[in-house]
Amino acid sequence: MAHIRHRKFNTRDTYPEQNLDNDLCQAVVARGRMVFLRGQCPQDLDTARSIDSCDPVEQTHQVMRNIRQLLEECGGSMEHLCKVVVYLTDVRHREAVYRTMGEYIRGVHPVSTGVVVTALARPEWLVEIDGAAVIPD
């Protein structure tokens, strides 16, 4: 692992009442080149076209694929991800979004903050995730 992940945990233990399985931690100690990602939405990076789905799982897959693609384009990988902030328009989508996000961060243990907002930039978007990564020198 590229960074020190302090106080690792899994959301299945923290939120036993919810069907979650995300590897997270309380703090990350990292050295290297910092990469700050714009909030990623369920749209194609090349065309800026929204995906044709109002399903929170499909939208989250697109968002996480965008994050992975951007990190790779910057010379890194998902293991360099240190922090994510998840914006949801409906708290009822939390489990579906976090379960899907968890598929992409298995074994990574970033820090995570979740926020429920009234709306995102486009009315069809249900989820937006921004992140920060540090690629070791």
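The values are calculated or read from the model by the stated rules, or taken from the named source; none is laboratory data. Keep in mind that this is a model prediction, so the values were computed, not measured. All Cβ positions, glycine included, derive from the backbone under ideal geometry; neighbour counts span all protein chains shown. The protein model used for the area step is the full one, side chains on, heavy atoms only, and it has no ligands, DNA or RNA in it. Shrake-Rupley method; radii C 1.70, N 1.55, O 1.52, S 1.80 Å.
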Counting Lys and Arg as +1 and Asp and Glu as -1, each charge on the Cβ, what is the dipole of segment 56-104 about the Cα centre in debye, to the nearest 20? 160 debye
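Figure the gain on full extension for residue 31 and residue 77 (residue separation times 0.36 nm, minus the Cα-Cα span) and round it to one decimal in nm.
Stretched out fully, the residue 31 to residue 77 stretch lengthens by 15.1 nm.
Once fully extended, how much extra length lies between residue 53 and residue 8, figured as 0.36 nm per residue of separation less the alpha-carbon to alpha-carbon distance?
12.9 nm
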Rounded to one decimal in nm, the spacing of the 7 Å Cα→Cβ label points at residue 124 and residue 103 is 2.1 nm
At what distance in nm do the modelled label points of residue 21 and residue 95 sit from each other, each positioned 7 Å from its Cα along Cα→Cβ? 1.4 nm
Hey, what's the chain come to in accessible area per residue, 1.4 Å probe, Å²? 53 Å²
Over the chain: Rg over Rh, Cα atoms, Kirkwood Rh: 0.96
Running a GNM on the chain with Cα contacts under 10 Å, which residue among 75, 39, 107 ends up with the highest mean-square fluctuation? 75
FRET efficiency for residue 45 and residue 115, using Cβ-Cβ distance with R0 set to 25 Å, rounded to 0.05: 0.65
MRE, 222 nm, helices only [DSSP H, n ≥ 4, -39500 (n - 2.57), over the chain, to nearest 500]: -7500 deg cm²/dmol
Take every DSSP beta bridge whose two residues both sit in the chain, then give the antiparallel share in percent to the nearest 5. 75 percent
Rounded to the nearest 0.05, what FRET efficiency do residue 85 and residue 137 have when you use their Cβ-Cβ distance and R0 = 25 Å? 0.50
Determine the shape class of segment 16-76: with a ≥ b ≥ c the square roots of the Cα gyration tensor eigenvalues, call it rounded for a/c under 1.5, and otherwise prolate if a/b is greater than b/c, oblate otherwise. oblate
Among 59, 40, 69: highest mean-square fluctuation, GNM of the chain, C-alpha pairs under 10 Å: 69
